[in-house]
Each structure stands twice: as structure tokens, then as C-alpha cells.
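Quick notes on the structure that follows.
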Amino acid sequence: MQKKSILYRYSFHQSFHWLTVGLIIPVMTLLQIEKGLNLFQVGITAAAYSGAVLLMELPTGGLADAIGRRKVYSISLLISLGALGVLLFARSFPLIFISLFLLGISRALSSGTVDAWFVDELLYADPEIDLHQYQAKAGIFLPAGVAGGTLLGGIIPRVFGGFFQNSTPFGTYGSSIVFQAAAVCIQVLLTSLLIHETAPHKKTNFRTGLKEVPQILKHAVTYGIRNRNIFLFLISMGIFGFGLAGIEQFWQPRIKTILGDSFNTILLGLISTGYFLAASAGNLIAIPLGRGMKHRHTLILFLTRLSLGFFLLLLSFTAKTSGFVVFYITLFTFNGIGSPSEQTFFNMNIPSDKRSSLLSLLSLFLQAGGVFGLLTQGYIAEHNSIQSAWFVGAVVLILSSVLFLFIRERGVTAK
């Protein structure tokens, strides 16, 4: 395939993927609260999601390297449908816990699959490609997909919530679950149409692939631990997961407290949309910034991680809607600026035959940090305040930025 075709296929497919995910993001915490959970229980269910990813991330990444990325991604969609069915009918903490755990398994299966396909197809089409530029271009569209999803996610319960509340046993936010399930069905069709593996890659049947997974994982983990650059990068992503866990989980109840009587779900959707559009803008900024800084990705990551911590610190102190929106949006703009450098640095330092496994290892460190962050900051939020939880996350992010000063650029192709 031509490079532009690969970019368009990946961007459209993953934009719709994240649009689907975004349909429930603005109300996920409120959905669980409506079903009777408290903030600490919400933190536990979020940890269940991350814990499932943590447990299944590496095995599913190895499976994708063994039997093919599209097959594993398609399995993830089917599990996602089952999880949404459980969540729709759930009326208790155990069932909600199970549904989030299943969604975590689905996430683990999808993690690193289509992303690995994208990088492999690009490098197969042009071994000398400027990967940072293509990652940044794709990164412009992917957050836009989530932005569209979160905008719809705020509108759906506002428009259909009354009907679902009065005419079904699913509650106001059951509408969000139903619409997301429908979108997952569409994604199954898009995957069969857009994702075709043409780059040379060993693919076996499911049974043989399962047998090969342990050996694949052994080689991938050994590579990740013994490679100094990769190991430090993995550690940094674990700390990153810890630092941002609280903002992603508790911004909805925090803005609800700030807004008081003027709160509504459409505003949640607008703020979520602004967050993801900010990430798109960050990716757009990353293209000229990368060139201007001569693709010194570790320096870019140091500066963006430092900025993330600083704006999260400001967010923890603000009690005004205007300040919240400005700091929240700016924070995720810097996250978008750093994202292409993260992806480029990591992918240019790992071999193709281990790509899905090592991308899954990266996600595993991120999720491990997230689980610890959710439990820690969830406890702080329940027993002290959400602002205190964010303060802790901000300090951790600021301190973690120093790690990037110890990671060498060696191995990264700069164009």
C-alpha cells in the first residue's frame, strides 16, 4: 500500500475507534454513581479495568505478533460488546466491577495491534520514512475522533436520557451504553474493510499462536529490560500513568461541584471535546516543533512532561470554571505535543517482530502506574479532596520529567 493510503486507513479506523470509546467518557463516573457506587468504589472499578489490562496486556500483545494484528483486534470488539451488555443490566457493584474488567480485557486485546500494523506498513512502504511526521498527522485525527465521541456522549443522555429513565430499566445513562454498542458493531465492519496486513509478518493459526506466546513474550520482555533506553522509557510511562490517573477519573465530579446548579451533561461533553481537540492541536504543533528541535525527542518529552505537571498543579488550586477549563485544555495540549515523540522514539528503538508485544509492554507499565494512581488518588479524593489527589499527581509528574534527561537519543532516526 502507498503511505498516504496507510495513513488514511489508520486515521479513519482509529478515529472511529476512539469516537466509539468517547461516547461513554463524559458520563462514565456519573453512570456508576447513578447505579449506586461511591467515589472510592468508582476508583476500584477503574482499577479493575486497568488491572485487567495489566494482566492481559502482554499475552494479548504476544498473540497479535503470532496470529496477526487484525484477528486479535476483532476479538477485542466482540468482548467489548459482551462487557457493554453486562454494564447495561448491572445494578450492583460486583456486576459493574465485572463489566469494567471485561472492558479492560477488550482494551488489552486492542492495545498495540492496529498501531503496530500502522508502523509496520509504513516502514515496509518506505524504510526511510519520517515516522514522527506520520505519527503526528495521525495524532491530529485520532483525538478529533474522541472529541466527536465525547461531544455526542454529552448530548446522548441529555436527548435520550429521559426516555431511557422513564421507559426502560437502564437508567438515564443506559442510552450512552446502547449507542456505544451500536458503534462497536459498525467498527467490526470497518476493520474488515480497512485493515489488511501486507507487510511481511509471521502469522499462524490461533492454537499454534497460543503455544508460541510464552516464547515471544520472553524475548520481548528481555529486550525491554536489557535495553537501557527502553527500560527507562517504560519506567517513565508507569509514572505518567500514576500522575494522570486522578485527572482522568475525577474531573467530572470536580467540575460538577464547581458549577453547582448550572451543571449539565452537555457541558461535560463540550469540555471533553475541548480536551481532545487540544490533543489534536498539540499533535499539529508537534510537527514543526519536532523539526525545529531537530527531533530531539527526549528533550521534547522532558519539557512536555514538566509542563503537564505544572498545569495539573494549577488545576488542583483553581475553584473557578474559567480557570478549570483553561488549565485543563492547556494540560492536554502539552500531552498532544509530546505524544508523537513518545510513539516515534519507542517504535524506532524496537524490532518489527516484537512490536505488538513491546507496545503492549509499554501499555502494561502505563496501566500499572494507572492502577496504583487510581487506588492512591481515589483514597485521597474520598477521604480528603479531589484537589489533594491532583496535587499529588502533579508533583509526581514534575519529578518524573527528569528521567528523560537520562535517556539517550541513540537509535532514533531523525529526519
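Every read-out reported here was derived from the displayed coordinates using simple, explicitly stated rules and does not represent laboratory data. Remember, predicted model here, so these are calculated numbers, not experimental data. Cβ placement follows ideal geometry from the backbone for every residue including glycine, while neighbour counts extend to all protein chains displayed.
Brief remarks follow.
- Extended-chain gain in nm, criterion 0.36 nm per residue less alpha-carbon gap, Met293 and Phe40: 86.8 nm
- Compared with the alpha-carbon gap, the fully stretched path from Ser352 to Ala182 is longer by 57.8 nm at 0.36 nm per residue.
- Ascending count of other beta-carbon atoms within 10 Å, so fewest first, for Glu212, Glu128: Glu128, Glu212
- Net charge contributed by nearby residues that have their C-beta within less than 14 Å of Tyr8 (K/R +1, D/E -1): +3
- Anisotropy class of segment 341-415 from Cα gyration tensor, a/c 1.5 cut: oblate
- Sparse packing (at most 13 other Cβ atoms within 10 Å of the Cβ) combined with a DSSP loop state is found for the following trypsin sites (Lys or Arg not before Pro) in segment 257-346: Lys294, Lys320.
- Helices that extend 15 Å or more along their long axis by alpha-carbon positions and average at least 1.0 on the Kyte-Doolittle scale are, among the DSSP H runs of the chain, 39-67, 69-89, 93-110, 174-194, 265-292, 297-317, 386-400.
- Long pairs among Lys4/Lys218; Lys35/Lys320; Lys137/Lys294; Lys35/Lys71, criterion Cα-Cα beyond 27 Å: Lys4/Lys218; Lys35/Lys320; Lys35/Lys71
- For the chain, the relative contact order works out to 28 percent when only alpha carbon pairs closer than 8 Å and six or more residues apart are counted.
- Among Phe170, Phe365, Phe406, Phe345, a tally of other beta-carbon atoms within 10 Å of each Cβ gives an order, fewest to most, of Phe406, Phe170, Phe365, Phe345.
- Packing-based exposure ordering (other Cβ within 10 Å, fewest first) of Met28, Met348, Met293: Met293, Met348, Met28
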